[in-house]
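The values are calculated or read from the model by the stated rules, or taken from the named source; none is laboratory data. Since the model is a prediction, treat every value here as computed from it, not as a measurement. Note that each Cβ is placed from the backbone with ideal geometry, even for glycine, and that neighbours are counted across all protein chains shown.
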Amino acid sequence: MQALVMYHYLQHKTPTPFLLPSSHPQLTPHTRLKTPTPLKLRTRPLNYSIQMDGGGVDSDGRAFTSAEEMWLEEVGEGDPNKKSRWYSQGVGYWEKGVEATVDGVLGGYGHVNKPDIEGSEAFLKSIFAEKFPDAGKGRHLVALDCGSGIGRVTKNLLIRYFNEVDLLEPVSHFLETARSNLAAENSTVADENKAVNFFCHSLQEFTPEAGRYDIIWVQWCIGHLSDDDFLSFFQRAKVGLRHGGIFVLKENIAKNGFVLDKEDKSVTRSDAYFKQLFKNCGLHIYKMKDQKGFPDELFAVKMYALTTELPKRVSSSRTRTKRHANRPAIIK
Ligand SMILES: C[S@@+](CC[C@H](N)C(=O)[O-])C[C@H]1O[C@@H](n2cnc3c(N)ncnc32)[C@H](O)[C@@H]1O
């Protein structure tokens, strides 16, 4: 699933997302993944994928020397049919076999909901303190929950902080469940906080209303987008931010390069890969944090707060992450 890359089908034949590729014996252990290969000289601008200097693997254990090689195979170059097959397989994965529950959207890991929401709330609060100190004092706040699934993030978090939340989700039965989960009669939040719009669209085809959102929250769905659609989505979505608005991207992180899930057509990118994409989108990291408290077999998860303007001060957990990465216990 999106980047909740799942090796479930390799292991159990039942959905158990987020598992690390190294948990599968056929997959090349992390330490033996291809080392970054030098970039080749290009004779034309690369417009459908970024130039990544690292290789990756797919869920069958096949190694790719570059992201470019993988994207060329998966979505082609300017081939609309191939690309639309990629997206219909991705959405089809969720549409066909996944129940509209927290456990379903979390691929059988419903118990990570609590630490996930707690981690997100702490991150959101730190953003609020700095970016929206006037929240609740007259400032009407609006959020967009992208790839919202059944509205898990909205219901457990965003609706408590934002006066209006819009949801964007391509799978209609998820969106209908979200609508009912968030209906006034099932709500425990103040009347002035409401889920307002339910957009049944994919990220790659969505353009937000200009200047509407204080926060655009993108969690566990961006892995379904090819690099070029990642770039064009954020370019369009920037217009949807109010002045001072921010993107929050919360995603699984590959240790190196990328991991392609062939079944649900999603890619888990490394931190370096994301940072290259942010740069290409003209986005700046305002703040970033590692998610804590998830089971060891899952991918690491990071939260990035991204701005369109260069932040005055960048807060980062990079130092701590680096130190952890040197601890033998977490080398998979
Ligand atoms: C792992 S679930 C996460 C749902 C939600 N963000 C959460 O954290 O509970 C991934 C979601 O991404 C959605 N999705 C798949 N392809 C998408 C696309 N191209 N654009 C937007 N959402 C997509 C799926 O339908 C599914 O609801």
- Query: Which condition does Cys221 not pass, out of (1) away from the ligand (no atom under 13 Å from the Cβ); (2) hydrophobic (A, V, I, L, M, F, W, C); (3) touching a Gly at 6+ places or on another chain (Cβ under 9 Å), if it passes all the others?
  - Reply: (1)
- Scan segment 188-211 residue by residue and report those that are under 23 Å from Ser172 (Cβ atoms), away from the ligand (no atom under 16 Å from the Cβ) and in contact with a Gly (Cβ under 7 Å, 6 or more places away or on another chain). Glu209
- Being modelled with pLDDT of 95 or more and of a type in the set (Gly, Ala, Ser) is the filter; apply it to segment 135-159 and report the residue that is nearest to the chain's Cα centre (by Cα). Gly147
- Item | Restricting segment 168-188 to residues that are surrounded by 13 or more Cβ atoms within 10 Å (Cβ to Cβ) and of a type in the set (A, V, I, L, M), the residue that is nearest to Gly136 (Cα to Cα) | Leu182
- Query: List the pairs whose first member sits in segment 87-112 and is closer than 30 Å to Gly76 by Cα, whose second member is among the acidic types (Asp, Glu) and surrounded by 14 or more Cβ atoms within 10 Å (Cβ to Cβ), and whose Cβ atoms are under 7 Å apart, counting only residues at least 6 apart or on separate chains?
  - Reply: Gly90/Asp264; Tyr93/Glu263; Tyr93/Asp264
- Take the residues in segment 119-134 that are modelled with pLDDT of 95 or more and out of contact with any Lys or Arg (no Cβ under 9 Å at 6 or more places or on another chain), then tell me which one is farthest from Met303 (Cα to Cα). Lys125
- Query: Take the residues of segment 142-153 that are touching a Lys or Arg at 6+ places or on another chain (Cβ under 9 Å) and more than 10 Å from the ligand (Cβ to nearest atom): which is farthest from Ser180 (Cα to Cα)?
  - Reply: Val142
- Task: Output the number of residues of segment 202-219 satisfying the condition of being closer than 7 Å to Gly240 by Cα and either in contact with a Cys (Cβ under 8 Å, 6 or more places away or on another chain) or crowded, with 22+ Cβ neighbours inside 10 Å (or both).
- Result: 1
- Message: So, in segment 106-119, exactly how many residues are near the ligand (Cβ under 8 Å from one of its atoms) and touching a Phe, Trp or Tyr at 6+ places or on another chain (Cβ under 7 Å)?
- Response: 1
- Where Glu73 falls short, out of the listed (1) assigned to a helix (DSSP H, G or I); (2) away from the ligand (no atom under 16 Å from the Cβ); (3) buried (at least 16 other Cβ atoms within 10 Å of the Cβ); (4) not aromatic (Phe, Trp, Tyr): (3)
- Message: I'm checking my understanding of the structure. Among residues of segment 160-208 that are of a type in the set (Gly, Ala, Ser) and assigned to a loop (DSSP other than H, G, I, E, B), which one is farthest from the chain's Cα centre (by Cα)?
- Response: Ala190
- Item | Residue satisfying all of: in segment 92-101; buried (at least 17 other Cβ atoms within 10 Å of the Cβ) and part of a helix (DSSP H, G or I); farthest from the ligand (Cβ to nearest atom) among these | Tyr93
